[in-house]
Amino acid sequence: MKRLAQTLLMSVLAIGVLCGPAGAADLAKEQSLAVAFDAGDLKTLDPHRAAATADRAIVDMMFNALVRYPPGNQVKLEPDLAESWTVSADKKTWTFKLRKGVFFHPYAGNPNGYELTSEDVVFSLKRAANKDTSAYAGDYGGITFEAADPMTVRITIDKPISDPLFLAKFANYAGGFIVSKKAIESKGEDWFKTNPVGTGPFRFESYEPRQKVVFAANPKYFRGAPILKKVTARFMPDVSSREFGLQTGELHVIKGLKEDKWIEKVSTFKEVKAPTFGPCETQMLYFNMSIPPFNDLRVRKAFSYALSRDVIANFMGKSLAVPIYSPALAPPALGALTKDEALKAGLIFDNNIELAKKLLAEAGFPNGFKTEVIISEMSSSYQKPMVAIQALVRKAGIDMQLKVVDHASFHSKIRENASPIVYYASWRPNEDVFLTQFYHSDSVVQKGKKPITNFSHYGLVDANGDGKPDSVDALIEQPRLELNAAKQEALWKEAQLQILKDVVAVPVIRLKYTFPQKSYVDLGYPLDWAWQTYSPQITEKTRILAHK
């Protein structure tokens with residue numbers, strides 16, 4: 001009882017319930033929104049370095065890019081800071097015309113802000129391309145930027161690529177955000193990390209470490225002044241504290257657990273809705289083909305047949321998990337492989353224990369085998385699905401032991417080639433990035449020219465048993481130069497079919513997220529898709545409705 005009381009008191013203090021929630025009429029009048037994230041603190045407010053869920057969601061409120069994925073629709077792109085653009089006949093030079101009347105937020109030393117020009121855009125993109133100031137510099141190799149005039153930006157690329165791949169580099173995600181040149185040059189890089197200056201619907205107001213970030217509406221926002229006057233982003237790693245705040249009304253949107261039962265529970269709270277949205281995490285099982293017995297195609301295929309995507313999805317929760325059959329991004333991503341396409345090609349190895357046992361026997365394991373796999377302690381993204389997989393493959397005679405480690409150690413060890421299987425949850429902005437990072441030989445962990453996340457060693461090992469290394473490098477590289485979008489998608493699918501044929505990986509599920517919210521919160525758009533922030537976007541149209 002004492003511990004319960006202490007926990008409750010901590011929850012109360014954490015969210016300020018002692019002040020009491022505002023009345024219904026006051027909330028609608030004040031238009032002050034509080035959102036809580038599953039994080040102890042932010043890492044940075046610099047959009048060119050932001051990677052964590054909370055950091056991405058926060059910077060999204062403050063910055064714009066040349067183009068953007070509209071809230072709730074992240075398949076197409078539309079103008080943002082650029083009002084229009086043209087491209088040369090050789091597809092190497094892109095010219096962007098900037099909107100007039102876009103102003104940066106005020107900051108110390110510049111209380112009125114100033115109008116965006118091409119100098120800010122060029123400065124921002126050069127900064128995004130610099131590994132010393134950006135976590136996304138690798139996306140901008142072979143690209144140059146120049147200001148043709150105060151409201152025109154010219155971007156030149158060494159090798160032309162298709163429109164979707166090119167524009168994605170300059171969208172409201174990662175390195176595409178445009179920052180204030182004057183603020184950074186006058187105040188410095190260190191200052192900017194916790195004093196961001198952008199052009200978005202909300203401007204930075206204050207930051208309390210391990211507590212909160214507060215934003216105020218930007219009345220000069222070019223799409224119109226936000227309806228919300230204030231947004232508070234709180235850092236609350238304890239889910240019970242977030243739940244309590246949602247129940248009392250001190251919090252209006254919270255990061256939820258990826259568990260059906262939890263969603264059902266919070267949905268019973270007064271005036272609370274808990275929609276799920278995607279596409280979010282693509283969960284994939286990668287075979288390390290450099291470690292026996294997974295260097296044998298029959299063993300990998302047997303392991304695959306022992307699985308059941310439907311069983312795993314049901315175990316994770318019907319409202320959250322969707323079976324997938326594409327070894328890269330899943331539909332509706334451009335170029336993603338559908339179930340029907342994989343089925344037509346005869347490349348769905350799933351839910352056949354007898355065939356799994358037969359293949360194991362042919363590979364020299366009539367009684368199965370033992371293996372130990374390293375897995376992260378993170379439950380819904382890693383440990384929980386692997387527990388389901390462990391139970392399924394045991395029926396085929398595969399004794400898979402799980403070595404659970406903390407998340408940081410997991411990332412280190414799998415990049416040290418320490419696990420025969422890697423279960424990995426991820427999302428990438430397009431098929432090219434996904435295929436490159438997980439299947440190109442340059443990306444092989446430890447041994448690749450640019451080692452990233454090719455855990456299977458595909459491209460450097462014999463995958464099909466013919467004694468020669470197998471690779472899809474050409475099928476990954478060729479689409480980059482294909483300017484016809486339909487042909488590009490076809491090439492991406494061809495690469496994915498080959499990956500499935502060689503059983504390099506097993507696509508398992510796409511896991512959606514939930515951010516439960518008060519029923520009187522109107523985001524201003526349908527919450528179906530939100531991948532660049534992994535959370536609902538707070539926009540100039542978000543508002544708190546009048547309620548009883």
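The values are calculated or read from the model by the stated rules, or taken from the named source; none is laboratory data. Treat the numbers as computed from the prediction; the structure is a model and nothing was measured. A quick note on method: Cβ atoms are made from the backbone with ideal geometry, for glycine too, and the neighbour counts reach across all protein chains shown. SASA here: full protein model, heavy atoms, side chains in, ligands and nucleic acids out. Shrake-Rupley method; radii C 1.70, N 1.55, O 1.52, S 1.80 Å.
Tabulated data
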quantity: Sulfur and carbon atoms: percent of accessible area, the chain [1.4 Å]; calculated: 52 percent
quantity: Environment charge of residue 245, counting only residues whose C-beta is closer than 14 Å and scoring Lys/Arg +1, Asp/Glu -1; calculated: +1
quantity: Separation in nanometres of the label points that stand 7 Å from Cα toward Cβ, at residue 487 and residue 369; calculated: 4.3 nm
quantity: Gyration tensor verdict on region 63-158 (Cα atoms; rounded if a/c is under 1.5, prolate if a/b is larger than b/c, oblate otherwise); calculated: rounded
quantity: Computed E for residue 100/residue 194 - FRET, C-beta separation, R0 35 angstrom, nearest 0.05; calculated: 0.70
quantity: Distance (nanometres) between label positions extended 7 Å along Cα→Cβ at residue 261 and residue 378; calculated: 2.2 nm
quantity: Trypsin sites (Lys or Arg not before Pro) restricted to DSSP loop in region 408-502 with at most 10 other C-beta within 10 Å; calculated: 449
quantity: Trypsin sites (Lys or Arg not before Pro) within region 230-273: DSSP coil, no more than 15 neighbouring Cβ in 10 Å; calculated: 270
quantity: Modelled label reach - residue 83, point 7 Å along Cα→Cβ, region 115-145 residues with backbone N closer than 16 Å; calculated: 115-118
quantity: Dipole magnitude of the chain, debye to nearest 20 (Cβ charges: Lys/Arg +1, Asp/Glu -1, about Cα centre); calculated: 940 debye
quantity: Sum of -39500 (n - 2.57) over DSSP H runs of 4+, divided by residues of the chain (222 nm, nearest 500); calculated: -8500 deg cm²/dmol
quantity: GluC sites (Glu not before Pro) lying in DSSP loop within region 231-292, provided at most 16 other Cβ fall within 10 Å; calculated: 271
quantity: Assigned charges on the beta-carbon of Lys, Arg, Asp, Glu; region 29-182 dipole about Cα centre (debye); calculated: 220 debye
quantity: Percent RCO, i.e. relative contact order, over the chain, from Cα pairs under 8 Å lying at least 6 residues apart; calculated: 20 percent
quantity: Projected label distance in nm at residue 462 and residue 268, using a 7 Å step from Cα toward the beta-carbon; calculated: 5.9 nm
quantity: Region 265-359 shape via C-alpha gyration tensor axes, a/c threshold 1.5; calculated: prolate
quantity: Gain on full stretching of the segment that runs from residue 354 to residue 206 - 0.36 nm per residue minus C-alpha separation; calculated: 47.2 nm
quantity: J(HN,Hα) series, region 192-200, from Karplus relation 6.51 cos²θ - 1.76 cosθ + 1.60, nearest Hz, glycine and proline x; calculated: 5, 4, 10, 9, x, 10, x, 10, x
quantity: Global geometry of the chain, whether rounded, prolate or oblate, following the gyration tensor of its Cα atoms and the 1.5 cut on a/c; calculated: oblate
quantity: Which of 283, 542, 299, positive extreme of dipole for the chain (C-beta unit charges); calculated: 542
quantity: Å² per residue, accessible surface of the chain at 1.4 Å; calculated: 41 Å²
quantity: Extension reserve of the residue 163-residue 248 stretch, reckoned as 0.36 nm per residue once the Cα distance is removed; calculated: 25.8 nm
quantity: Proximal lysine pairs, region 338-433, alpha carbons under 16 Å, eight or more residues apart or interchain; calculated: 7
quantity: Antiparallel content of DSSP bridges confined to the chain, in %, to 5; calculated: 75 percent
quantity: Full-extension gain in nm, residue 452 to residue 52, via 0.36 nm per residue minus C-alpha separation; calculated: 142.2 nm
quantity: Extreme residue, positive dipole direction of the chain, given options 28, 523, 138 (C-beta unit charges); calculated: 28
